[in-house]
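One structure is given here, and the rest of the page talks about it.
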Amino acid sequence: MKVVIQDDADAVAAYGAEIFREQLQKKPASVFGLATGSTPLRLYQQLIQSNQQGDISFARVRSFNLDEYMDLPPDHPQSYRHFMDREFFDHIDIDRDNTQVPPGNADNPMIACRNYERAIQDAGGIDIQLLGIGRNGHIGFNEPTSCLASRTRVKTLTRETIEDNARFFSDGETQPQLSITMGIGTIMEARLIVLLATGEGKANAVKAMVEGPMSAWCPASALQMHPATVVIVDEAAASGLTDPGFFKHIEQHNQALLARIKA
Ligand code: PGA
């Protein structure tokens, strides 16, 4: 697990966006795993800007989102399909038919989950999976106690996650208690994983993910077993780490090595 500590949320987004730009330059028909939440917004804004300036194109990209609330129609303002359209897809040159979000309102969610897994495989697997992390260490909606080998399935949300997301629902509006989420095993098959975390509220989860025992109690800790994960955090989200200085030291060496290879 590579841990990169940046000064602030803008620098976290810039570092992450550059990974996506480089991937698109290498492979214009990349397959991206995408995430919702407030954390990836700045990264999406940077990619939108690069796309609108003509530096990168999403015309051949296919995307699969991590998760979706159950029983919300795709046009519901709080559905993750709506979030992705509003915050990202509406502003880039991606073909909407090439973007997939788990069908939260499928008649048979079990079949929908199996089909989602198959669609990812048929696309050739995910090149880069973007992730945030919940305060409780969840990735996607894989809540604590999730099986570390799980596949796309229906998952019950924890009270903590429901509280965290309540801010997006109006008073009296029914908030979903269930979701469809890629499993941890599904996420672990991505060739590269980019996890972003910002703010002090994520410090404990980041510490548990990076340093803690690998445990279903912190689903993100499974990423310790992934061969190519980049965790990009700001100073606040890194503040729980035992030795943040060590990760900065490693990054300096990595950058120097990169400059030597490019020279
Ligand atoms: P957030 O959510 O980016 O809104 O903090 C992250 C997550 O729950 O995965």
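Working with all protein chains in place, sort His253, His226 by solvent-accessible area computed with a 1.4 Å probe, largest first.
From most exposed to least exposed: His253, His226.
Take every DSSP beta bridge with both residues inside segment 65-214 and express the antiparallel ones as a percent of the total, to the nearest 5.
So the antiparallel bridges in segment 65-214 amount to around 65 percent.
Regarding segment 213-257, what's the average projected area of the Cα-atom convex hull, expressed in nm²?
It is 4.0 nm².
At a Förster distance of 22 Å, what's the computed FRET efficiency of Gln224 paired with Leu178, Cβ-Cβ distance as r, to 0.05?
Approximately 0.20, to the nearest 0.05.
Any of Lys2/Lys155; Lys155/Lys202; Lys2/Lys248 with alpha carbons more than 20 Å apart? Name them for me.
Checking Cα-Cα distances, Lys2/Lys155; Lys155/Lys202 exceed 20 Å.
Take the chain, connect every pair of alpha-carbon atoms lying under 10 Å apart with a spring to form a Gaussian network, then pick out the residue of Leu47, Leu223, Leu24 with the largest mean-square fluctuation.
Leu24
Got a number for the accessible area of Arg96? Probe 1.4 Å, square angstrom, nearest 10.
Its accessible surface works out to 90 Å², give or take rounding.
Just to verify a number: what accessible area does Arg167 come out at with the full protein assembly present, 1.4 Å probe, Å² rounded to tens?
Here the accessible area works out near 150 Å².
Quick one: how many Å² of Asp127 are accessible to a 1.4 Å probe, rounded to 10?
Result for Asp127: roughly 10 Å² accessible.
Step by step: find N for segment 164-263, compute 2.2 N^0.38 Å, then divide the Cα radius of gyration by it. What's the final number?
That ratio works out to 1.35.
Determine the per residue accessible area of the chain with all protein chains present and a 1.4 angstrom probe, expressed in square angstrom.
Averaged over the residues of the chain, the accessible area is 46 Å².
Quick check: at a probe of 1.4 Å, how many percent of the accessible area of the chain sits on carbon and sulfur atoms?
Carbon-and-sulfur percentage of accessible area, whole number: 51.
How many nm separate the modelled label positions at Lys262 and Arg114, each set 7 Å beyond the Cα in the direction of the Cβ?
Spacing of the two 7 Å Cα→Cβ label points: 4.8 nm.
Per the Kirkwood definition applied to all pairs of different Cα atoms, how many angstroms is the hydrodynamic radius of the chain?
Every distinct Cα pair counted, the radius reaches 18.7 Å.
Of the listed peptides 199-209, 116-126, 25-35, what is their order by residue-averaged count of other C-beta atoms within 10 Å, with the highest listed first?
My ranking of the peptides, most packed first, is 199-209, 25-35, 116-126.
How high is the relative contact order of the chain, given as a whole-number percent (alpha carbon pairs under 8 Å, six or more residues apart)?
The value is 25 percent.
Would you mind computing, in nm to one decimal, how far apart the modelled labels at Leu148 and Gln121 are, each placed 7 Å from Cα along Cα→Cβ?
2.4
What 222 nm value per residue comes from the helices of the chain, counting each DSSP H run with n ≥ 4 as -39,500 (n - 2.57) and dividing by all residues, nearest 500 deg cm²/dmol?
-10500 deg cm²/dmol
For Ile250, project a label point 7 Å along Cα to C-beta. Then give me every residue of segment 1-15 with its amide nitrogen under 12 Å of that point.
1-5
The values are calculated or read from the model by the stated rules, or taken from the named source; none is laboratory data. Only a predicted model underlies this, so the values are computations on that prediction, with no experimental measurement involved. Using ideal geometry, Cβ is built from the backbone for each residue, glycine included, and neighbour counts are taken over all protein chains shown. These accessible areas exclude ligands, DNA and RNA; they are computed on the full protein's heavy atoms, side chains included. Shrake-Rupley method; radii C 1.70, N 1.55, O 1.52, S 1.80 Å.
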